[in-house]
1. Can you tell me, using C-alpha contacts under 8 Å and at least 6 residues apart, the relative contact order of segment 169-221 as a whole percent?
2. Pairs to check: Lys47/Lys193; Lys54/Lys104; Lys70/Lys215; Lys54/Lys155. Give those whose C-alpha atoms are more than 31 Å from each other in this structure.
3. Please report, in Å, the Rg and the Dmax of segment 111-221, where both are computed over Cα atoms only.
4. Across the Cα atoms of segment 169-221, what radius of gyration and what greatest pairwise Cα-Cα distance (Dmax) are found, in Å?
5. Taking Cα atoms, how many degrees apart are the long axis of helix 124-143 and the longest axis of the chain, rounded to 10 and kept between 0 and 90?
6. For a quick check of your reading of the filter: which trypsin sites (Lys or Arg not before Pro) in segment 131-199 sit in a DSSP loop and have no more than 15 other Cβ atoms within 10 Å?
7. Taking the Cα centre of segment 72-121 as origin, sum charge times position over the Cβ atoms of Lys and Arg (+1) and Asp and Glu (-1), and report the length of that vector in debye to the nearest 20.
8. I want to check the label-to-label distance for Ala188 and Ala203. Put each point 7 Å from Cα in the C-beta direction and report it in nm to one decimal.
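Laboratory data are not the source of any read-out in this text; all were calculated from the coordinates shown. Quick caveat, the model's predicted, so the values are computed rather than measured. Here the Cβ positions follow ideal geometry from the backbone for every residue, glycine too, while neighbour counts run over all protein chains shown.
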Amino acid sequence: MPRKVIIIILVGFCHVFGAQRLLAERPINELPMYGGQHDPQVPEDKKASDGAAKLGWEYYDKGDYGTAMKRFNQAWMFNRKNAAAYWGFGVILGERAREEAPEKNLRESIRYLEKAQELSSRDARLLVDLAFSEMLLGSFLQDDRQTGFQEHFNKARTLLQSSEKKDRIYPLLHFNWSLLNFFEGNYAQALEKLNTAKKLGFAPPPGYEEDLKNKKESVGK
């Protein structure tokens, strides 16, 4: 399923999560599953569901997350077992965490991605997206001096290991693994994973490789 890379939430490798602002007011068709207000009279239509999900990814790739959410909602409405709908909910909430209520949005992102995983357990790229949200939540909790951050880092690592068994040549797998090692202070391993991602054609965000090398030199590992 071709989709754009989730942009890492870093500037100069300092976290720029939005402050703990309240969730923005949104119309119900821009809330996952219509905010829980689903019309049970709508008959199942898997073809319509798949078509709506395809449009959802297209709008997501354009950065139009509001319209993408509307299309994923339609996909869910026509087929409540469409993994792509839950996947879409999860990655969009991960994007929203950049601007508002980061902890809440990341936890919801994980919940929807886990549901997608239940319905599509063999998709290696879904595991990478789920690992990404787990990793970002761990990083947020760590920066916010909350407990439990290591648990999310550990979950992310397990998911990345599972993904590697299914598709070891997916570049984003290795880049996200590099980020996880960076967050945990394992800079040599982070650089090794980054080099693997680059060999597979991944172009890292500007400044990341330089920051990583500087960190590695400063701590000697």
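1. 40
2. Over 31 Å Cα-Cα: Lys47/Lys193; Lys70/Lys215.
3. Values for segment 111-221 (Cα only, Rg and Dmax): 14.0, 44 Å.
4. Rg, Dmax (Cα atoms, Å): 10.1, 31.
5. 60
6. Qualifying residues, ordered by number: Arg145, Arg168.
7. Result for segment 72-121 is approximately 180 debye, rounded to the nearest 20.
8. Inter-label distance under the simple model: 3.2 nm.
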